[in-house]
Amino acid sequence: MKAVKWVAPRKVEVVEVDRPVPEPHEALVRIESTGICGSDIHYYADGRIGNTVMTGPLVLGHEYSGIVEQVGADADPGLVGKRVAVEPGIPCLACEWCRTGHYNVCLDMRFPGGPPYDGALQEYVAVHAGFCFPIPESMTPAEAAMMEPLAVAVHTVELGHVKPGQTAAILGLGPIGLLTAQVAKLSGVSRLFGTDLLDYRVEAGLRYGVDRAFNASELNTVDTILKETNGRGVDVVFDCARSADTPALACRIARPAGRCVLTGISGESSGTFPVDIARRKELSLQWCRRFKFNYPSATQMTASGRVDVRSIITHSFPLERCQEAFDLVCDNRDNVLKVSIDQ
Ligand SMILES: [Zn+2]
Ligand SMILES: [Zn+2]
């Protein structure tokens, strides 16, 4: 079967590899759609995220869906023939964190598309059947693959403990920011600010529920949001940017005793934020690690039409043209939001 392997910064190649054989607890999934994520772009362009470094050729991609063609002896045979959204990270299910409801921070997590685990930009994967979520027929394969970033957005908003009527701001209006905007509005946020450095993403913010969006390279984020909230700041800040600078901005625009949810991945292994401001305001800083238990609600929100994932997918490429697809996302060309690789 075909697989697309990262071989060097900004270089991927289509190669032939063996089709996987499912273990007894696994499903063999024929992949239909894989979304390209900001984290894939870190690996693609830099060969690393912080101190997680590529050491050789690797298949990228972790936002995926497909059809279950076969299951192992211990897996649910009812999955065969079903279109599924696959929760990518497979935790050990045995450690203290897995057993206490925090499987997303399992120390023995096998997360595809990051070293040393191959990802989903290939024709088939064998994956733990318990992480395959059947999706309604009304959803397309590309929409099903969007359950992964939507699960991140749902978890992000959960961690914000949003109360109806509260105010919020989203820093970074890429796909995660735009999905977070939709979920935040569903959760009762009254006035939602949003910023990005790209004008087309600022405009996109307004389409997905942001009430007041602006380009942070033209207007000062802190001054603007403080001025427009009469100096108060917002109740919750969601940092969905791929920037090392936004956690500091989040601290400055959160209201006293407010909360910052830090979801974006800057790619650096350390960063700075103003500890004096965070302390004086008694802020709650909440980091977000992917998601947990969020696929069913993400699917429900999409199937019921409450969240629009479809229109965030701006481009589609076949597997053979992954290089072009990565370059497009890497360079933010052609008003790109989400790119899906469709097979
Ligand atoms: Zn992702
Ligand atoms: Zn574990």
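Since every read-out is calculated from the coordinates, none of them should be taken as a lab result. Small disclaimer: the values here were computed from a predicted structure and weren't measured. When we count neighbours, we look across all protein chains shown, and the Cβ atoms used for this are built from the backbone with ideal geometry, even at glycine.
At a threshold of 8 angstrom on Cα-Cα distance, excluding pairs fewer than six apart, so keeping six or more, what relative contact order does the chain reach in percent? Before the final figure, lay out each step's value.
Values: 801 pairs, mean separation 63.2, N = 343.
For the chain, the relative contact order is 18 percent.
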### Query
Any idea which of Ser284, Val329, Thr263 is furthest toward the positive side of the dipole for region 252-343, if Lys and Arg beta-carbons carry +1 and Asp and Glu beta-carbons -1?
Ser284
### Query
Scattering from the C-alpha atoms of region 1-158 alone, worked out with Debye: what is log10 I(q)/I(0) at q = 0.16, 0.20 1/Å?
-0.94, -1.40
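In what sequence, highest mean first, do 140-146, 6-12, 191-197 appear when ranked by Cβ atoms within 10 angstrom?
Numbers: 140-146: 25.0, 6-12: 15.4, 191-197: 23.4.
Listed from highest to lowest mean packing, they are 140-146, 191-197, 6-12.
So for region 156-287, what percent of the C-alpha to C-alpha distances run longer than 25 Å? Don't skip to the end; give the middle numbers.
Working: 1104 of 8646 pairs.
Tail of P(r) above 25 Å: 13 percent of Cα pairs.
Give me the Kirkwood hydrodynamic radius of the chain in Å, from all C-alpha pairs, to one decimal place? Intermediate results must be reported in sequence, preceding the final value.
On the way: mean 1/r = 0.0490 Å⁻¹.
Taking every pair of different Cα atoms in the chain, averaging 1/r and inverting gives 20.4 Å.
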### Query
What does the charge count near Trp97 come to, summing +1 for each Lys or Arg and -1 for each Asp or Glu among other residues with Cβ under 14 Å from its Cβ?
+2
### Task
Under 26 Å between C-alpha atoms is the cut-off here; go through the chain and count lysine pairs that meet it, provided they're at least eight residues apart or on different chains.
17
#### Entry: Relative contact order of region 156-287, defined on C-alpha pairs under 8 angstrom at six or more residues apart (%)
24
### Query
Put a dot 7 Å past each Cα toward the Cβ at Glu69 and Thr52; how far apart are the dots in nm?
2.8
### Summary
Measuring from its Cα centre, the chain shows a charge dipole (+1 at each Lys and Arg Cβ, -1 at each Asp and Glu Cβ) which, in debye to the nearest 20, is 1180
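Over all directions, how big on average is the projection of the convex hull of the alpha-carbon atoms in region 274-343, in square nanometres? Working shown, then result.
Working: hull surface 32.9 nm².
For the Cα atoms of region 274-343, the hull's average projected area reads 8.2 nm².
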### For the chain, calculated [θ]222 nm from helices alone, where every DSSP H run of n ≥ 4 adds -39500 (n - 2.57)
-7500 deg cm²/dmol
### Message
Test of understanding: express the Cα radius of gyration of region 104-208 as a ratio to 2.2 N^0.38 Å, with N the residue count.
### Response
1.28
### Query
Which GluC sites (Glu not before Pro) in region 231-340 pass both tests, a DSSP loop state and at most 16 other beta-carbon atoms within 10 Å?
Glu268, Glu282
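What Kirkwood Rh does region 208-262 have if only Cα atoms enter the pairwise 1/r average? Answer in Å. Show your work: numbers first, answer last.
Working: mean 1/r = 0.0862 Å⁻¹.
The Cα-based Kirkwood calculation yields 11.6 Å.
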### Task
Please report, to two decimal places, log10 I(q)/I(0) for region 44-100 at q = 0.23 Å⁻¹ as given by the Debye formula with identical point scatterers on the Cα atoms and no solvent.
-1.02
#### Entry: Highest to lowest packing among 213-226, 64-77, scored as the average C-beta count within 10 Å
64-77, 213-226
### Query
Can you pull out the trypsin sites (Lys or Arg not before Pro) in region 286-343 that DSSP calls coil and that have at most 11 other Cβ atoms within 10 Å?
Arg333
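Using only the Cα atoms of region 14-73, construct the convex hull and provide its projected area averaged over every direction, in square nanometres to one decimal. It would help to have the intermediate numbers written out before the result.
Working: hull surface 21.5 nm².
Over all viewing directions, region 14-73 projects a mean Cα-hull area of 5.4 nm².
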